[in-house]
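Written out below as structure tokens is the structure these notes cover.
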Amino acid sequence: MIASCGESKPPATTSTPPAPPAEAPALPTAEPSPPVTEAEPSAAASVPAPAEQPKNLAARKLAPESIERGQATYTKNCASCHGPNGEATPGWRIPAADGRYPPPPLDGSAHAWHHSTETLETMIRLGSPGAGMPAWDGKLTKQEIDDVIVWIKSLWPDEVYDIWYKEIENKPEPKPN
Ligand code: HEC
């Protein structure tokens, strides 16, 4: 159920980002530089638009063929509901008259990245028919589902992917939610 999952911000991390590379020679008028400030807390608290985020796909070791196949499978089967790039529709947080929520984004701006690969696979295989997510078991092969998941992961901004990898993928989920 997505409604209870309004928290789409990443869990707090203890690690700090690596220091920026050495700067160009200081101008003659240089004053003691102010401490490097992180992004505004309010901005840091919300997940920024994925399209603006850098993506180091090579570091993720996602096979390019798999991304490509996954995209094709996605476009054919999932894009009509979840949006061509997994962005969903702007009103996805607003339930329809029947109380159902529209399909959520899968691009790292919502909740999909809170699930391990294994959980994502189960969610896609079994769907959530009561909530409008079809079950894909028997309609897509395991390979197709695996590839779609790889493609979905390729959409996530680096920040989201890194936290997902550390906090979710490498940790057993106590309960699916
Ligand atoms: C008919 C519309 C529809 C289609 C087609 C569809 N989905 Fe969904 N999907 C939904 C809805 C609605 C939900 C939210 C279900 C819920 O609230 O439990 C959802 C949820 C999900 C989630 C969980 C997201 C989260 O935030 O936890 C994943 C992952 C997902 N879909 C992947 C896919 C993939 C991959 C495909 C294509 C193979 C697909 N969906 C096709 C409607 C659709």
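Details
- Filter result (basic (Lys, Arg) and either in a loop (DSSP other than H, G, I, E, B) or without any contact (Cβ under 8 Å) to a residue 12 or more places away in the chain (or both)) within the stretch 121-140: Lys139
- Odd one out for Gln143 among (1) more than 6 Å from the ligand (Cβ to nearest atom); (2) assigned to a loop (DSSP other than H, G, I, E, B): (2)
- Elements of type helices (runs of 4 or more DSSP H) in the stretch 1-120, at least 1 residues being modelled with pLDDT of 50 or more and aliphatic (A, V, I, L, M): 57-60, 64-77, 79-82
- Selected residue [under 27 Å from Lys55 (Cα atoms), among the aliphatic types (A, V, I, L, M) and surrounded by 16 or more Cβ atoms within 10 Å (Cβ to Cβ)] from Leu155, Leu140: Leu155
- Residues satisfying the stated conditions in the stretch 113-134, i.e. more than 10 Å from the ligand (Cβ to nearest atom) and hydrophobic (A, V, I, L, M, F, W, C): Leu126
The values are calculated or read from the model by the stated rules, or taken from the named source; none is laboratory data. If you're wondering where the values come from, they're calculated on a predicted model, not measured in any experiment. Please note: Cβ atoms are built from the backbone with ideal geometry, for glycine as well, and neighbour counts cover all protein chains shown.
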